[in-house]
Amino acid sequence: MRRKKKLRIKKKPIFFILIIFLIFGSILIIKKTTFKTNKEIKLNELNNIDKEITYFDYKKLDRYIKYKQKNKSLSNKEVVMDVNIGIDRDYYTHTKPSKNLNTTIILVNKYNYLKKNYIPKNLKDVSLKYSRSDMKLVGEAKEAYEKMAYDAYKQKYRINAISSYRSYNYQVNLYNRYKQKDGIDAADKYSARAGYSEHQTGLAIDIDNGKVDFNNFESTKEFKWMIENAYKYGFILRFPKDKEKQTGYQYEPWHYRYVGKKAAKYMYKNNLCLEEYYVKKIEN
Ligand SMILES: [Zn+2]
């Protein structure tokens with residue numbers, strides 16, 4: 001009899017601990033299920049887009065839903081792409097410093113900026129044969145640009161650089177001039193605010209053919225040549241006509257950006273602008 005009593009006393013604390021574990025376990029399971037259900041409901045609203053889109057980001061789920069409600073005609077892929085680029089938010093809000101500084105895939109736009117003191121490394125003068133005086137590009141872009149302009153020249157096309165690297169302070173003055181002339185809304189459509197211009201990267205270049213004003217570059221045979229060939233040298237048309245929403249800029253037939261041959265080819269073949277490439281290939 002005495003032995004049995006002892007055993008019962010020893011078992012009690014274990015029993016107690018087991019019950020506590022059971023209670024806490026159940027709470028956790030219930031919590032988890034509720035959370036999962038909420039998430040599932042939200043995903044159902046978007047037809048489970050996480051399964052088909054590799055660059056889907058759970059952290060942005062609420063933004064996807066909100067954006068989809070406002071833009072019902074968009075496909076799920078477009079919704080995820082737009083939100084990942086950031087265009088569900090107003091320009092120049094939720095901005096962050098650009099990553100990948102001093103690389104050829106650096107992204108500068110109305111959400112990603114360069115600091116005042118950012119000067120790209122290895123800036124070089126562009127040959128006067130293919131540019132106005134005092135044009136500078138990052139070494140790799142300069143080499144590629146001159147090779148492209150030379151090959152064009154051999155085929156009787158004239159490619160001429162009229163703007164290239166621009167410092168932060170230069171952009172301050174330029175933007176302010178435009179703002180005074182046309183007002184802030186118009187200026188924001190065709191010009192970048194200081195820090196938000198990709199000319200500060202030393203990888204962007206504006207061109208004409210030395211005869212026609214750059215505004216009419218689209219009408220020249222050089223433009224056609226650039227559209228067919230620029231990517232082979234690592235350049236992309238940075239602000240295409242069909243990508244105004246994604247880039248945040250109106251069409252600029254004269255503005256090209258060096259991204260390197262591999263990236264340029266990929267964007268050209270898949271009809272992607274730099275923002276889309278970034279979402280698919282860099283951030284993903
Ligand atoms: Zn430009």
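Could you list, in sequence order, the residues of the range 181-198 that are within 12 Å of the ligand (Cβ to nearest atom) and surrounded by 22 or more Cβ atoms within 10 Å (Cβ to Cβ)?
Scanning the range 181-198 gives Ala192, Ser197, Glu198.
Tyr251 - would you say it is farther than 25 Å from Asn160 by Cβ and of a type in the set (Phe, Trp, Tyr)? So Tyr251 does not fit the description; no. Under the condition of being among the hydrophobic types (A, V, I, L, M, F, W, C), more than 30 Å from Tyr58 (Cβ to Cβ), assigned to a helix (DSSP H, G or I) and modelled with pLDDT under 70, the residues counted in the range 1-40 number 2. Just one residue in the set Asp82, Asp57, Asp62 is out of contact with any Gly (no Cβ under 6 Å at 6 or more places or on another chain) and surrounded by 17 or more Cβ atoms within 10 Å (Cβ to Cβ); that residue is Asp82.
Contact map, the range 160-177: first residue within 13 Å of Leu114 (Cα to Cα), second residue within 10 Å of the ligand (Cβ to nearest atom), Cβ cut-off under 6 Å, separation 6 or more or different chains; pairs are Arg166/His199; Gln171/Ser197. Within the range 231-264, the residues that satisfy the criterion of being closer than 26 Å to Asn216 by Cα, away from the ligand (no atom under 14 Å from the Cβ) and in a helix (DSSP H, G or I) are Tyr231, Lys232, Tyr233, Lys241, Asp242, Lys243, Glu244, Lys245, Gln246, Ala264. Residue count for the range 263-280 under the criterion of being within 20 Å of Met148 (Cα to Cα) and either in contact (Cβ under 8 Å) with a residue 24 or more places away in the chain or not assigned by TED's automatic domain parsing to the domain that holds Gln155 (or both): the result is 5. Condition first: of a type outside the set (A, V, I, L, M) and within 16 Å of Ala194 (Cβ to Cβ). Now tell me which residues in the range 97-121 satisfy that. Passing the criteria: Pro97, Ser98, Asn109, Lys110, Tyr111, Asn112, Tyr113, Lys115, Lys116, Asn117, Tyr118, Pro120. Within the range 203-224, does at least one residue satisfy the condition of being farther than 26 Å from Asn112 by Cβ, modelled with pLDDT of 95 or more, surrounded by fewer than 18 Cβ atoms within 10 Å (Cβ to Cβ) and of a type in the set (Phe, Trp, Tyr)? Within the range 203-224 (the criterion being farther than 26 Å from Asn112 by Cβ, modelled with pLDDT of 95 or more, surrounded by fewer than 18 Cβ atoms within 10 Å (Cβ to Cβ) and of a type in the set (Phe, Trp, Tyr)), the answer is no, since none of the residues qualifies.
The residue of the range 203-221 that is farthest from the chain's Cα centre (by Cα), among those that are part of a helix (DSSP H, G or I) and within 16 Å of the ligand (Cβ to nearest atom), is Asn216.
The values are calculated or read from the model by the stated rules, or taken from the named source; none is laboratory data. Everything quoted here is computed from the prediction, not taken from an experiment. When we count neighbours, we look across all protein chains shown, and the Cβ atoms used for this are built from the backbone with ideal geometry, even at glycine.
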